[in-house]
1. Are there cysteines in the chain with no second cysteine's Cβ under 4.7 Å away, and if so, which?
2. Evaluate the Kirkwood expression for the hydrodynamic radius of the chain, namely the inverse of the mean inverse distance over all pairs of different C-alpha atoms, and round to one decimal in Å.
3. At 1.4 Å probe size, with every protein chain present, just tell me what the per residue accessible area of the chain comes to in Å².
4. Which is farthest toward the positive dipole end of the chain among 189, 457, 140, measuring Cα position about the Cα centre, with Cβ charges +1 (Lys, Arg) and -1 (Asp, Glu)?
5. If amide H atoms are built 1.01 Å from N in the plane of the peptide, which residues on other chains or at least 5 residues away come under 5 Å of the amide H of residue 445?
6. Considering the options 414, 502, 163, tell which one lies farthest towards the positive end of the dipole of the chain, charges being +1 on Lys and Arg and -1 on Asp and Glu at the Cβ, about the Cα centre.
7. Give me the angle, in degrees from 0 to 90, between the Cα long axis of helix 136-145 and the longest principal axis of the Cα atoms of the chain, rounded to the nearest 10.
8. In the calculated pair distance distribution of region 2-297, what percentage of Cα-Cα distances lie above 37 Å?
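The values are calculated or read from the model by the stated rules, or taken from the named source; none is laboratory data. Worth saying up front: this structure is predicted, and the values here are computed from it rather than measured. Neighbour counts are summed over all protein chains in view; Cβ atoms, including those assigned to glycine, are modelled from backbone coordinates with ideal geometry. Ligands, DNA and RNA are stripped out before the accessible areas are found, and what is left, the full protein with its side chains, is counted by its heavy atoms. Shrake-Rupley method; radii C 1.70, N 1.55, O 1.52, S 1.80 Å.
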Amino acid sequence: MDLVQACPDTVCRQAIGCNGVFPCPAIYMNLGDTLTVTFTNNLLQPTSVHWHGILQLNSVEMDGAGIITQCEIKPGASFTYTFTPAQSGTYWYHSHSSTQYVDGLRGSLVIFNPANTFVYQYQSLVELYDWYHSPTSVLLPAYLASLTGDEPVPESILLNGVGQFGCTTCPYSQIQVPQNSVIRLRLVNQAAMAIISFSIDGHQLTVIEVDGVEVNPATFDVVRLNAAQRYSVLVTANQPVGTYLMRAEMDPTVFASPPVNPMALGNFVVVAGNVPVSPTPVVTQPLLTPVVLSGNPIIPPTITNPLAIPFIESPTVLSPLVPNPPPPSTTTYPVELTFAPSILHAGANRGFLNGIHFTPPVTPVASFLEYIRANVPLPIGVNSRTFNLNEVVDIYLFNNDPGEHPFHLHGHTFWVIGMGNIDDGPYQGQPLNLVAPVVRDTASVNANSWLVLRIRFNNPGVWAFHCHIDWHLENGLLLVAVVSPRDVRRRLGTPPALQVCP
Ligand SMILES: [Cu+2]
């Protein structure tokens, strides 16, 4: 990874690229393949790369959570990740050091399953994220010094790496689709913070995958993704030949002031006859490569169709295609999220989970995984709880904050068995969905409300559970689940002393 010049929405800035290119590439592989990626850190800051949604069963050392599962990769150093996922679907990779992914260190990871469940003829990624014109080296310190806790406001939003900011003739990302074919779009929200709604004029979206888990098909006009969430949707190109707008719009209400350019547009082009496809080394439906066209006029957004079927993230809306009912739980783990001024930080706003602001050591001695291996208690300031192998735990997350937060657990999926509405307050015995709740790796807790996640801790390791708003992660909304330390030591061995970082 290196610093490169990037002008994705026609405004140029320095950003992080891979192999000299912005944005970093998508990775495509087949189920059963081994992925091996070497990152050489040509940046000025340490880094680490997390594989979001990859379970890393018995390979916690490949999870890529800097300081937690590995020492960060120092400037000039390299690290090779290698693992064989036993799962297919739509995932992504991103820096897990500071707010580096917001500057560009992110990309999609797609694992094809040649034994395909759904019928479609083509597929394409739709990568979505908020885009800042300033580097996070400027934005993050300002945010962490802020007394209000107002997060940085993005200038723009990108759709497949392309946005339109203040231009009169603008670049659009374009996907060409043969008329009457079915295309699978893999929507990936790689945002720092934004909640993004995606739609295609004149077409409906049938959700078939949630965070790598196939679900019973459900059709919507608009799909809403919180940061780090993914959905695959099937789209039938059943409209007349022509160009239809893809729209990706940020929810402006989550920011202290609305973004200047809250919508990215792209072209969904229905054509007669064949379309070019990418050669891929994978056994799967042909991959359509979005191309960038320049010189498109900005078309004013139309008024939202009041009859549109919006997608609502609720445990009762989508259910796993392969029945996967939750096992009974034995443990209740209440977690309360708060923001408050911190005396230790000159009155600046800080995030807390159960009253603890996650504070990694200023100079990490060793990764937390090494603490577990050496049987040394984790450093003070690390909010952690230890679980037995296969312990089934209900996290009752109470969001005592007027904002919505997407929570992600490393190394596991969870059953989303309950989700309160906005302003419901703490959980008060509402019925839970124990029949066919959706299974995923990132779920939203509504503003001033609650969320119940059921987890079977079946993966020995040290796993982050955190808000995926990257600003909030850096502001302390992280805790650590330690699963069966004995099994970690059994597999990785116990060193004679704590293995310190180089
Ligand atoms: Cu958050």
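1. Isolated Cys, the chain: 467.
2. Result for the chain, one decimal place: 23.1 Å.
3. 38 Å²
4. 457
5. Counting only residues 5 or more places away or on other chains, the set is 405, 407.
6. 502
7. 50 degrees
8. Counting every Cα pair in region 2-297, those more than 37 Å apart make up 12 percent.
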